[in-house]
Structures are given as C-alpha cells and as structure tokens.
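Only one structure is covered here, and it is reproduced in the block below.
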Amino acid sequence: MDPEFSLEGQVALVTGSGRGLGHAMAMRLAQLGAAVVLHDQTETSPAEYGEFTTLADSERVVAAFGRPTTAVTGDIGDEAQVTRLVAEAERALGPLTLLVNAAGGDIAARGGKPNPNTALGIKIEDIRALIDRNLVGTMLVCRAVVPGMIARRTGAVVNVASSAGHFGTSPEVVYSSIKAGIVHYTRCLAFETRPHNVRVNCVSPGATATARFKQTRQTDPAMLVEDGTLVRYGAPRDQANTVAFLCSPAARFIHGQFIRVDGGLTLF
C-alpha cells in the first residue's frame, strides 16, 4: 500500500458506526490499517433497519479486516456518557488519533422522522432532539477527544454534515440548518487546532443509499446504481473513501475544509 494512504498505526473512533454510513466508514478505515472503535447508541441499535442484529455483529464485520476493534455504546448528546465511552475506547485500543463524527440523522424525539418537518411546523421537542443528536453530539465528542490530540500534536477529525446544509430546502429544515452549523463548527475548531498540527475537515454527503435512506423515503429505482453515471444516489463507499482520504497522510495539508460528496448535484 502507498504509505501516504495507509492508516497503519492509527486508532479511530467512528461515532454512529454500528450501521449505515458510519459502518461503511469504519470498514474502510480498518481496511486501510487503522484499529477501529465502533459506536452506536445501544447494543441493539444496528438492528433498526435490518443491517445487523447487534453492535457486536457489526463489529465482527469490521474485525474481519484483521485490525484491532472494539465497540462502545452511549448517547453522544449526554456529556457524561461521551466521557465514559471515549475512556472505554482508549482503554481498549490506546489514544485516539482519528475521529469521525458520523452519528446523527433527521430523527424525531420519539423516533422516526419529525412530522411536521417544516420551518414553522416542527415541534420544539424535535428541534431539541435534532440539535442534541447532531450538533451538540459532534461538539461533545470533539471536546472529549481533541484535547488529547492537541497534547500529542497529531490527529485528524472528520465531521459529517450534509449537502442539505448548503442550500435552502423544505422539509428537513432544522436538520439542514444544524448540518450547516456543523460545517461552520468545523471551520471554528480548525482555527483553534491549526497551531497544534491537528487537522479538522468536514464531509457533506448527498443522498446516499443506506438502509435507513431506502426505508424512510420513496426512492427512484433508476438512481439505485453505483457506477457508470453521476446522476444517481451515492453509495456508502463513496462517502467512506472521502473520509478515509481526509484521515490519511495524503491529506496532510488539507485543513478546515468541507467536501460535498454528491456527484455534482449542488454545483455552486
């Protein structure tokens, strides 16, 4: 393997990696040589859309690449739980050198998508749940992990936003607004970590054909292809490859940036 793309010797925490995009990212990092800490809210969360029975099952898939793995659970919107799960991760595999904040989603306080999901109609309990699940969670995990990277003067963080955070849309207004906030939080954190050699970047996926995506909205069968056209839904590996690049030495001078991975759907 080209050493500039190798993650050998790295230890990565990927939040929300029991399933979906996070799981694809965790697999790609392990394939490139990183030890990986998987995370989901509970042990059974990966079963919600039929991807895995348990978090342990999800971990076994990543462990098949032959790298050390472990799994932790917890609500990233709860500071005490974040402190605990990061400590568990580092006890198991050592100091974290890579952090991918993939946990999130447009999920209401009581599950499912908010209804209504418009700028003026969304319930306040759903607004607060979305903020905690996405923006606050990203901030809390960064607060728990990045100081160690700064102390060691090495590390890379990739926050996961959404292409919806870059243009006006409805529904999913609050979700989109929060993702725009994650993009700007990335810039602000990058400003603070630049003197300490800790890189912070952001990926904004477009519509990507995860199990959750396919089960929570009407999809266009013609868009469910993976190659031969840019006019399609993204595949999880499209996002995973971008995250892996940003984590690698090949991206050593990329800092404070965001990349829209959407096949050119949003060209501005």
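A short reminder: the numbers here are calculations on the coordinates, not readings from a lab. Since the structure is predicted, the reported quantities are computational estimates derived from the model, not experimental observations. Cβ placement follows ideal geometry from the backbone for every residue including glycine, while neighbour counts extend to all protein chains displayed.
State whether the range 11-261 is rounded, prolate or oblate according to the following rule on the C-alpha gyration tensor (a ≥ b ≥ c being the square roots of its eigenvalues): a/c under 1.5 gives rounded; otherwise a/b larger than b/c gives prolate, and the remaining case gives oblate.
Verdict is rounded for the range 11-261.
Straight-line reach only, C-alpha to C-alpha below 15 angstrom: list the aspartates and glutamates that LYS123 could link to, leaving out same-chain residues fewer than 8 apart.
The qualifying aspartates and glutamates are ASP106, ASP132, GLU172.
Mind pulling the angle between the C-alpha long axis of helix 236-247 and the longest principal axis of the chain? Nearest 10 degrees, somewhere in 0 to 90.
Between the helix axis and the principal axis of the chain, the angle is about 40 degrees.
Just want the answer: with Cβ charges of +1 for Lys and Arg and -1 for Asp and Glu, which residue in LEU98, GLY74, ALA190 is farthest toward the dipole's positive end in the range 11-261?
Towards the positive end, the residue furthest out is ALA190.
Relative contact order (percent) for the chain, with alpha-carbon contacts under 8 angstrom and 6 or more residues of separation?
19 percent.
Using DSSP, restrict attention to beta bridges with both residues in the range 11-261 and report what percent are antiparallel, rounded to the nearest 5.
For the range 11-261, the DSSP antiparallel bridge percentage is about 0.
For the chain, take the longest principal axis of its alpha carbons; what is the angle in degrees between that and the long axis of helix 173-193, to the nearest 10 within 0 to 90?
The answer is roughly 20 degrees.
Straight-line reach from LYS214: which lysines fall under 22 Å, measuring Cα to Cα and dropping same-chain residues less than 8 apart?
LYS113, LYS179
Build a GNM of the chain with springs between Cα atoms under 10 Å: which of ALA222, ALA119, ALA35 gets the top mean-square fluctuation?
Comparing ALA222, ALA119, ALA35 in a Gaussian network model of the chain, the most mobile one is ALA222.
Placing +1 at every Lys and Arg Cβ and -1 at every Asp and Glu Cβ, with all other atoms neutral, what dipole size does the range 1-92 have around its Cα centre, in debye to the nearest 20?
200
How many angstrom lie between the Cα centre of the range 182-252 and the Cα centre of the range 51-73?
So the two Cα centres are separated by 21 Å.
Would you look at the GNM of the chain, springs on alpha carbons closer than 10 Å, and say which of GLU90, GLU192, GLU59 moves the most?
Ranking GLU90, GLU192, GLU59 by mean-square fluctuation puts GLU192 first.
Where does helix 137-152 land angle-wise versus the long Cα axis of the chain, in degrees 0 to 90, nearest 10?
Roughly 20 degrees between the two axes.
Report, in debye and to the nearest 20, how large the dipole of the range 137-268 comes out about its Cα centre when Lys and Arg carry +1 and Asp and Glu carry -1 on their Cβ.
It comes to approximately 500 debye.
Per the Kirkwood formula on distinct C-alpha pairs, the Rh of the range 92-205 is how many angstrom?
The Cα-based Kirkwood calculation yields 14.7 Å.
Nearest 20 debye, what's the magnitude of the dipole of the range 11-261 about its Cα centre given +1 on Lys and Arg Cβ and -1 on Asp and Glu Cβ?
660
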